[in-house]
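What follows draws every value from the coordinates through simple rules; no lab data is involved. This one's a predicted model, so the numbers in the text were calculated from it and none came from an experiment. Methodologically, a virtual Cβ is constructed for each residue, glycine included, from the backbone with ideal geometry; neighbour enumeration extends over all protein chains shown.
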Ligand SMILES: [Zn+2]
């Protein structure tokens, strides 16, 4: 990925990179605005150790540059009146795209980092040119509406990403696919990341793993994905293609995975595993099939047993990842949490059996991801905003909007 997702927690991210003192305070204030909606100027001043005068001066300058807006805050106790900081209605935005197995979403995020879905659709075809063409049209329409306010596009894709491009997707049935058509105009930064990696980075930054030094995110959609995040940075390997947990040989060594390898964990945990245990044909959409299976399991012992076997396969592999990485917390995304909840006993037993003995007394907490199905979109928006909220990014915006 050209710009790594989650370059550290927002309070420390771009501000420390500013060489120019004029931007240092501005970036720090804008980072604070990303930490949560409704933050006030007084709170930002306190967190950053700024005097009231400095905070007022910085926010006034950012207002003049259309980088933020202020509205009166509700009076609270004896404190002096302050303002709530918002993204400016004509300020910079980024486009975040989430390209999944069956569908896609195109969202816009202002400087507070919250992605708001503008367009969505289901893939009408498996052909990469047609899928990318459809999404490029949507990105183009959003860009036409917002124009130069759009400063970057980031794409979260259900695929292995290497050096900023898709090299393979067992999920989508693609080999290398060119995504450059998703940049609506030449020169606009286009950042591409694996969806589970971006979701994990967002979870460590804004979600259930916020504040953890070493967090493991594991998600099941079609197969297993995820990432290890250390101090806010996803561990992505030499070329960005790391984190393919689903292709660890934790499954049946006799089964060939669509990725090309034998015995992948992918095939032991998702809808394909449940169907195989039931003697049913491989589902076209393993995610929907798995969800339907959870509903069927309530009334059907055979389905219940198949779901339990998949949950056990998941717990066993997760124990291996915990043994290998020693995370402080594990967040579960996608179908992983409903699978665990549907077969808690099988999951917990397999997890405990797979953990090294010394870990069993105090295993890391395994919790549901807080951002739910929007994790990848949040991560894509954060990656794009990291690109914009730099000295260079703000300098370019200021040059266009001064006076
Ligand atoms: Zn595989």
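Can you put 142, 155 in order of Cβ neighbours within 10 angstrom, beginning with the fewest? Mind showing how you got there, number by number?
Details: 142 20, 155 32.
Ordered from fewest to most neighbouring Cβ atoms within 10 Å, 142, 155 come out as 142, 155.
Can you give me the relative contact order of region 254-403 as a percent, contacts being Cα pairs under 8 Å and 6 or more apart?
Reported relative contact order: 18 percent.
Count the DSSP beta bridges whose two residues both fall in region 198-344, then state the antiparallel fraction as a percent rounded to the nearest 5. Before the final figure, lay out the partial values.
Working: 11 of 17 bridges.
Rounded to the nearest five, the antiparallel share is 65 percent.
I'd like the Kirkwood hydrodynamic radius of region 324-373, using the inverse of the mean 1/r over distinct C-alpha pairs, in Å.
Answer for region 324-373: a Kirkwood hydrodynamic radius of 11.8 Å.
From Cα pairs below 8 angstrom and at least 6 apart in sequence, can you work out the relative contact order of the chain, rounded to a whole percent? Walk me through the intermediate numbers first.
Details: 850 pairs, mean separation 75.0, N = 403.
Over the chain, the number comes to 19 percent.
Rounded to the nearest 500, what is the 222 nm mean residue ellipticity of the chain from helices alone, with -39500 (n - 2.57) per DSSP H run of 4+ residues and division by all residues?
The helix-only estimate for the chain comes to -12500 deg cm²/dmol at 222 nm.
Taking just the alpha carbons, could you work out the radius of gyration and Dmax for the chain, both in angstroms?
For the chain, the Cα radius of gyration and maximum Cα-Cα distance read 22.4, 71 Å.
When the Cα centres of region 204-222 and region 355-375 are compared, how far apart do they sit, in Å?
9
On full extension of the chain, what length is gained from residue 102 through residue 302, given 0.36 nm per residue of separation minus the C-alpha to C-alpha distance?
Full extension of this stretch gives 69.2 nm more.
From Cα pairs below 8 angstrom and at least 6 apart in sequence, can you work out the relative contact order of region 88-186, rounded to a whole percent?
Computed value for region 88-186: 28 percent relative contact order.
Between the alpha-carbon centers of region 302-351 and region 229-290, tell me the distance in whole angstrom.
That distance is 13 Å.
Could you work out the Rg to Rh ratio of region 157-239, with Rh taken as the Kirkwood radius (inverse of the mean 1/r over all Cα pairs)?
Checking Rg against Rh, the ratio lands at 1.01.
Given 10 Å bins starting at zero, what is the percent of C-alpha pairs of region 253-403 in each, up to the one with the largest pair distance?
10, 30, 28, 15, 8, 6, 1, 0
Could you give me the radius of gyration and the Dmax of region 281-336, taking only the C-alpha atoms into account and expressing both in angstrom?
Spelled out, the Cα radius of gyration and Dmax of region 281-336 are 13.7, 39 Å.
Please report the antiparallel percentage of the DSSP beta bridges confined to the chain, to the nearest 5. It would help to have the intermediate numbers written out before the result.
Numbers: 35 of 56 bridges.
Among the beta bridges of the chain, antiparallel pairing accounts for roughly 60 percent.
Please work out the Cα center distance from region 52-71 to region 104-158, rounded to the nearest Å.
Rounded to whole Å, the Cα centres lie 30 Å apart.
Run the simple label-point estimate for residue 22 and residue 54 please: 7 Å along Cα→C-beta, distance reported in nm.
1.8
Full-extension gain between residue 402 and residue 362, please, as 0.36 nm times their residue separation minus the C-alpha to C-alpha distance.
Separation in residues times 0.36 nm, less the Cα-Cα distance, equals 8.8 nm.
Calculate how many DSSP beta bridges within region 48-166 are antiparallel, expressed in % of all such bridges and rounded to the nearest 5. Don't skip to the end; give the middle numbers.
Numbers: 20 of 27 bridges.
Within region 48-166, antiparallel bridges account for around 75 percent of the total.
Using the Kirkwood radius over Cα pairs, work out the Stokes-Einstein diffusion coefficient for region 49-165 at 20 °C and 1.002 mPa s, in µm²/s as a whole number.
It diffuses with D of about 127 µm²/s by this estimate.
Modelled label-to-label distance, residue 74 and residue 175, 7 Å Cα→beta-carbon offset: nm?
Using points 7 Å along Cα→Cβ, the separation is 5.9 nm.
Most exposed first by the Cβ proxy, i.e. fewest other Cβ within 10 Å, how do 90, 378 rank? Numbers along the way, then the final one.
Working: 90 12, 378 29.
Lowest to highest Cβ neighbour count: 90, 378.
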